[in-house]
Structure formats: structure tokens, C-alpha cells
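The values are calculated or read from the model by the stated rules, or taken from the named source; none is laboratory data. This is a predicted model, so every value here is computed, not measured. Backbone-built Cβ (ideal geometry, glycine too); neighbour counts: all protein chains shown. Ligands, DNA and RNA are stripped out before the accessible areas are found, and what is left, the full protein with its side chains, is counted by its heavy atoms. Shrake-Rupley method; radii C 1.70, N 1.55, O 1.52, S 1.80 Å.
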Amino acid sequence: EHPSTALTYHCIGNVLCNQGKYKEAMKEYQQALAINKKVYGPEDSSIADSYHCIGVVLLEQGMYNEAMQKFRKAVEICLKALGPEHSSTAT
């Protein structure tokens with residue numbers, strides 16, 4: 001389990017999400033999330049990216065409450081990892 005593998009899963013998830021293959025995209029994002037948690041720990045900004053993408057998949061499927069939970073988790077992690085003034089957190 002290597003960060004490059006997680007990045008590849010993430011990229012595959014992006015393609016599948018753009019194709020509207022949300023169930024398949026979710027599996028790829030979850031793989032990336034699992035690897036990144038093992039490699040970096042639960043509070044790294046890469047984890048926030050995974051939660052954000054999972055949130056997008058849920059949003060596209062009309063699962064608004066679940067999407068909001070993932071987006072809030074992503075913001076929480078970014079605030080802890082990067083601080084409130086970082087461009088990823090402030091926008």
C-alpha cells in the first residue's frame with residue numbers, strides 16, 4: 001500500500017465519477033481513503049480530498065445528508081491539518 005496506489009485509485013474514481021458511474025467511483029475513492037489513512041493517518045489533508053470526492057459522489061446521487069457529512073469531515077480535517085488560512089480551507 002503506497003501513496004501512488006492511492007492516487008491511482010483516486011484518479012480512476014474521478015474518471016468513473018465523470019462518466020456517471022457513481023457506485024464504481026465510490027469503490028475507488030474508498031480504496032484511496034483506506035490506503036491514505038494507513039499511510040498518513042486520519043488527519044492528513046489527503047484524507048480530506050478523499051472525503052470530498054466521496055461527498056461529490058453522494059451529492060450526484062441525491063444523497064444530500066450523507067454528502068454533507070463527508071464535506072464537513074473534509075473541512076474539519078483541512079482545518080486541523082492546514083489551518084484556517086490555507087487556500088484549501090479558506091475557499
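Using a 1.4 angstrom probe, figure out how much accessible area the chain has per residue, in square angstrom, rounded to the nearest whole.
The answer is 62 Å² per residue.
Please give the solvent-accessible surface of H52 in Å², to the nearest 10, using a probe radius of 1.4 Å with every protein chain present.
90 Å²
Mind pulling up the Rg/Rh value for the chain? Radius of gyration and Kirkwood radius, both on Cα.
0.97
How large, in percent, is the carbon and sulfur part of the accessible surface of the chain at a probe radius of 1.4 Å?
After summing per-atom areas, the C and S share lands at 52 percent.
Modelling each spin label as a point 7 Å along the Cα-to-Cβ direction, I'd like the R72/Q30 distance in nm, to one decimal.
Label at R72, label at Q30, 2.2 nm between them.
What list of ³J(HN,Hα) couplings, whole Hz, do you get for region 65-75 from phi and the Karplus terms 6.51, -1.76, 1.60, once you set θ to phi - 60° and write x for glycine and proline?
Result, ordered by residue: 5, 5, 4, 4, 4, 5, 5, 5, 4, 4, 5 Hz.
Compare the Cα positions of N36, H10, G20 along the charge dipole of the chain (+1 at Cβ of Lys, Arg; -1 at Cβ of Asp, Glu; about the Cα centre) and return the one farthest towards the positive end.
It is G20, whose Cα lies furthest towards the positive end.
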